[in-house]
Amino acid sequence: MSESLILPVLPLDDEVVLPGMVVPLDLSDTEVRAAIDAARASSKQSKPRVLLVPRIDGKYGAVGVAAVVEQVGRLPGGEPAAVLRGVERVRIGSGTAGPGAALWVESTPMETVPADERAGELAKEYKALATTVMQKRGAWQIVDAINQIEDASVLADSSGYAPWLSTAQKFELLENPDPAERLALLVEWAREHLAELDVAETIRKDVQEGMEKQQREFLLRQQLAAVRKELAELNGEGAASEEEDYRARVEAADLPEKVRVAALKEVDKLERTSDQSPEVGWIRTWLDTVLDIPWNDRTEDSYDIAAARAVLDADHTGLDDVKDRIVEYLAVRKRRADQGLGVVGGRRSGAVLALAGPPGVGKTSLGESVARAMGRKFVRVALGGVRDEAEIRGHRRTYVGALPGRIVRAIREAGSMNPVVLLDEVDKVGADYRGDPTAALLEVLDPAQNHTFRDHYLEVELDLSDVLFLATANVLEAVPSPLLDRMDIVTLDGYTEDEKVSIARDHLLPRQLDKAGLTSSEVTVDDEALRRLAGEYTREAGVRSLERSIARVLRKVTANAALDQASLPVHVGAGDLVGYLGRPRNVPESSLPESAQRTAVAGVATGLAVTGAGGDVLYVEASLADPETGSTAVTLTGQLGDVMKESAQIALSYLRSRGAELELPVGSLKDRSVHIHVPAGAIPKDGPSAGVTMTTALASLLSGRPVRSDVAMTGEVSLTGRVLPIGGVKQKLLAAHRAGITTVLIPARNEPDLDDVPEAVRSELTVHVVSDVREVLAIALTPATVVETAAA
């Protein structure tokens, strides 16, 4: 019996090496590197051995090849590699211990079977077949090498280089030690491969003959067309072909000069192409697309500025910033038209506006209203979920089923070169291996270059400089900065409660009455009921949930009338809502506001934040662990982002360094762990604006003085106690107003942002502008005398 070998395993994924084969292996592979390093470390020979084992579909074979490492170095390209030569077949045994990170196994060499006369005959036959295969492939050098092999076993193992053998077939050869049986298999497989080559050769000849036939047919058809043309001229006939019809349509169309030249080139190509060619359909589709685009059709803008503002006011309540911007745009257009100023440098006076705000504030519906006010066509392009750059720029004409991009399709659908194009949900555009659609939008939305926009499908310049683009987004942070820089941003921060009541009365209620099949004389809803729906049943920045609540009330009324449980007309008052919708969800359990319940104990402060759904109120809770635990760690919970965690660390550092000045007992922080928690743990939170809230919560906890229940705050805090500016002031103050907060602390540098807050909200809030944490604590914390009195 042969002596067993203990070798490191080098697995080969879906690859088989036979004895006598020399193969290079990439040393950047960790498994290859580990096996060779282990072999070199354990062997004293100059050429250490490894065990090459096929790993097919993740499973190791039972037979492998013992191989020697002939050389370790680098390939011509510079990659590290090792050259291995297979020596003998071995049967793999059990695993064993060995040095390095490689897997070591015990293996036994397989007994070799001597070649007999049958093996010699099969060797001659296989040589003849292999020679034929190599000749068909043009590999004459390999033919000479095969003919020089005399040993039948070596000849059979040389088939490991054969590209027509599958991995399973090579593994079958590896498992079989009998050269005669291996050669018998190779003869059978070589015959099958030769048959496949003969079939492929037959197919190639048939294809070549078919192409020659098509070429002859094309020439004959061209000659036939020329004969028909001569006969038509001779007989005075004027029957026009389809190609001539396209030429007439192009010449009659009002196309720009460059577009006309490109279209006529395609018509010439169409006339030279056979009807059987697939390119004919592609050319016709392109010509139809070009002829469908309204290259020089424009609608006349309505220059009645007062009427345009009246249309905007009738369709939407509030949103003065957007309305003012549209009126300004129309006024400038009117002024330029009065002075006879037309196109300047190929650019017209289009505009790009970005409407940013929470869901339900009317961004999408505003587009139709703007188009109606300006007297323009309106078209909406939904960008939510778009991930392919070709959706914007179009597909190359070389692709089957190619189409122009969404921008060109929108212009064609509008039938005008100056429509209002609404790019809906531009912040929901994604990117993957097919490209980044936002990068393609850079040219579309850039007033300096969109007059020469080129769609990949059209490959001609399209003037978009007269289009009014309105882009909508919920979160501006999700829009790339270069794209954001090309848009005039108008922020819609949500509605006040009075505005919601007005919107519900003038717009939502009539629309839902119509959908429910009711009339205003059959069902009436008073303002107090609408106010309660907005404040206690929905509490949102927009009005979508409010409209759904109104629809639900009207459905209940309709169902009750159908079941004879009520008779029309019906009046819905504030007290009737519980019967229709149940108890309100945004009312606290007690008569106290939610902020009063939350801040009743020391260590809780009320903050303000901005989310994708608008402004919101958040609470920061702080606690100290028992000193007996011996822990001084800082625990932060509530799904806080990195920036928010840093704000908590800054708040702690500030209090530890300035505690004596603030008269706070910060000495206990050395021996006790601190836990800061922001409720609503299922919602991720991040941003620096909770810095002052965290500082106030910790100061309240250390001093034992609760935070005033009517106070909410926002602002970034620095290590020196400065209160730094933040964003979203208007949305935060609207959220504080909805939550019943009466006093708000904001950074001093955000004072100009108060001009954007509606007067109705500002009049009900006491806003303090602060620049230092000391000012925040002086206003927010309950006075010490009040705490002592309560304790007594």
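The values are calculated or read from the model by the stated rules, or taken from the named source; none is laboratory data. For clarity, every value in this text was computed on a predicted model and none was experimentally measured. Because the Cβ atoms are built from the backbone with ideal geometry, glycine has one as well, and the counts that use them run over all protein chains shown. Keep in mind that these areas ignore ligands, DNA and RNA; they rest on the heavy atoms of the full protein, side chains included. Shrake-Rupley method; radii C 1.70, N 1.55, O 1.52, S 1.80 Å.
What the chain shows is 50 Å² of accessible area per residue, with the surface traced by a 1.4 Å probe over protein heavy atoms.
Surface calculation, 1.4 Å probe, protein heavy atoms: E172 sits at approximately 80 Å² accessible. Please tell me which of these pairs span more than 19 angstrom C-alpha to C-alpha: K500/K556; K363/K428; K47/K170? Over 19 Å Cα-Cα: K500/K556; K47/K170. All Cα-Cα distances of the chain, cut into 10 Å bins from zero to the largest, leave 2, 9, 12, 12, 12, 13, 13, 13, 9, 4, 1, 0, 0 percent in each bin in turn.
In a fully extended conformation the segment linking K334 and S28 would gain 103.3 nm over its present Cα-Cα distance, using 0.36 nm per residue. Annotation: amide H-H contacts under 5 Å for A566 (H modelled 1.01 Å from N, sequence separation of 5 or more, or interchain): A561. Of the trypsin sites (Lys or Arg not before Pro) found in region 671-754, not one falls in a DSSP loop while having at most 13 other beta-carbon atoms within 10 Å. A straight chain from R658 to V261 at 0.36 nm per residue would run longer than the Cα-Cα distance by 135.2 nm.
Ranking T743, T452, T720 by solvent-accessible area of protein heavy atoms (1.4 Å probe, all protein chains present), from largest to smallest, gives T720, T452, T743. Here the 3J(HN,Hα) profile of region 424-439, calculated from phi with Karplus coefficients 6.51, -1.76 and 1.60 at θ = phi - 60°, is 7, 6, 5, 7, 9, 6, x, 8, 8, 5, 8, x, 10, x, 5, 5 Hz, Gly and Pro shown as x.
The eigenvalues of the Cα gyration tensor, multiplied by 5 and square-rooted, give region 22-166 an equivalent ellipsoid with semi-axes of 31, 20, 14 Å from largest to smallest.
The lysines whose alpha-carbon is closer than 25 Å to the alpha-carbon of K334, local same-chain residues fewer than 8 away aside, are K323, K377. DSSP bridge analysis restricted to the chain gives an antiparallel fraction near 55%, rounded to the nearest 5. Using a probe radius of 1.4 angstrom, the carbon and sulfur fraction of the accessible surface of the chain is 50%.
For region 248-263, 3J(HN,Hα) computed residue by residue from phi via the Karplus equation (6.51, -1.76, 1.60; θ = phi - 60°) reads 5, 5, 5, 5, 7, 6, 8, 10, x, 4, 5, 5, 4, 4, 5, 5 Hz, glycine and proline entered as x. Here's how it looks for Y619: its modeled amide H is under 5 Å from those of G607, which are all 5 or more places away or on a different chain. In this calculation the C-beta distance from S763 to D292 is compared with R0 = 41 Å, giving a FRET efficiency of 0.15.
Taking amide hydrogens as placed 1.01 Å from N in the peptide plane, the amide H of R298 sits under 5 Å from those of M417, each at least 5 positions away in sequence or on another chain. For the chain, averaging the sequence separation of C-alpha pairs within contact (under 8 Å, six or more residues apart) and dividing by the residue count gives a relative contact order of 7 percent.
Compute the long axis of helix 642-658 from its Cα atoms, compare it with the longest principal axis of the Cα atoms of the chain, and write down the angle in degrees, 0 to 90, nearest 10. Orientation of helix 642-658: about 50 degrees from the principal axis. Applying the Karplus relation 6.51 cos²θ - 1.76 cosθ + 1.60 with θ = phi - 60° to region 364-369 yields 3J(HN,Hα) values of 5, 5, 5, x, 5, 5 Hz, where x marks Gly and Pro.
Once the Kirkwood radius over Cα pairs is known for region 456-606, the Stokes-Einstein relation at 4 °C and 1.567 mPa s delivers a diffusion coefficient of 67 µm²/s.
Model label points for D506 and L75, set 7 angstrom from Cα along the Cα-to-Cβ axis, are 7.3 nm apart. Taking other residues whose beta carbon is less than 12 angstrom from the beta carbon of V16, and scoring Lys, Arg as +1 and Asp, Glu as -1, yields -3. With the simple spin-label model, which puts each label point 7 Å out from Cα in the Cβ direction, the L754 to D14 separation comes to 7.0 nm. Legend: residues R260, R505, R49, sorted from most to least accessible area (1.4 Å probe; ligands, DNA and RNA excluded), read R505, R49, R260.
Computed from label points 7 Å out along Cα-Cβ, the spacing between V207 and Q45 is 4.9 nm.
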